[in-house]
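Undergrad: My questions all concern the structure below.
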Amino acid sequence: MDPPAVSLPLPRIALFTADLTDRPDRRALVALAHALADLGHPVDLVAPMGGGSLRAGLDPAIGQIDLCNRWAATSAFALARCVAERRPAVLAVPVSVAWVARLAVRLARSPARILTIAADAALDDSLSAIRDAARQSG
């Protein structure tokens, strides 16, 4: 009798955004988080301040991490702590906060891949880029 097939869990994906206000780029990031969760990835949505109109619509399967900071620019240390604790394979961020993500990953000494998401990127393009980066992460 063959042993049961063991499937490895999908890699964790973290998405960092400046806030959760109702803006097109933030809505796109939330849609991306939902799509990744629907595919079975463990997903964390990280924001300096957890409040915002988009928070209410988040699926309970998506980890909601509030860094308790007022601005994204001052969130590098808190994001580094989050990356060190949650250990995502990929940290996807909008272009506007990519420098914060790079600093946080370096401070955390994490092997996480940073993926910059353009504001006008199509959902399918972002989704495939994240999945490719997750596969390459190991």
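Undergrad: So Ser96 fits all but one of (1) outside any helix (DSSP H, G or I); (2) in contact (Cβ under 8 Å) with a residue 60 or more places away in the chain; (3) surrounded by fewer than 16 Cβ atoms within 10 Å (Cβ to Cβ); what number is the exception?
TA: (1)
Undergrad: Within the stretch 49-61, is even one residue buried (at least 19 other Cβ atoms within 10 Å of the Cβ) and either of a type in the set (Gly, Ala, Ser) or farther than 23 Å from Ala122 by Cα (or both)?
TA: no
Undergrad: For the stretch 99-111, check the following and say yes or no: at least one residue is of a type in the set (Ser, Thr, Tyr) and within 20 Å of Thr21 (Cβ to Cβ). Before the answer, list the steps.
TA: Going residue by residue through the stretch 99-111, those that are of a type in the set (Ser, Thr, Tyr) are 110.
So of that shortlist, the ones also within 20 Å of Thr21 (Cβ to Cβ) come out as none.
Checking the stretch 99-111: not a single residue is of a type in the set (Ser, Thr, Tyr) and within 20 Å of Thr21 (Cβ to Cβ).
Undergrad: With the requirement that a residue be crowded, with 16+ Cβ neighbours inside 10 Å and among the small types (Gly, Ala, Ser), what does the stretch 104-128 give you?
TA: Residues satisfying the conditions are Ala104, Ala108, Ser110, Ala112, Ala121, Ser126.
Undergrad: Which residues, counting only those in the stretch 35-60, are in contact (Cβ under 8 Å) with a residue 40 or more places away in the chain and in a helix (DSSP H, G or I)?
TA: Ala35, Leu36
Undergrad: Mind checking whether some residue in the stretch 19-34 is at pLDDT 95 or above, over 22 Å from Ala121 (Cβ atoms) and not in a loop (DSSP other than H, G, I, E, B)?
TA: No, the stretch 19-34 has no match at all.
Undergrad: Given Ala14, Ala37, Ala101, Ala33, which one is in contact with a Ser or Thr (Cβ under 9 Å, 6 or more places away or on another chain) and surrounded by 14 or more Cβ atoms within 10 Å (Cβ to Cβ)?
TA: On inspection, the qualifying residue turns out to be Ala101.
The values are calculated or read from the model by the stated rules, or taken from the named source; none is laboratory data. Please read all numbers here as calculations on a predicted model, not as lab measurements. No Cβ is skipped: glycine too gets one built from the backbone with ideal geometry, and neighbour counts run over all protein chains shown.
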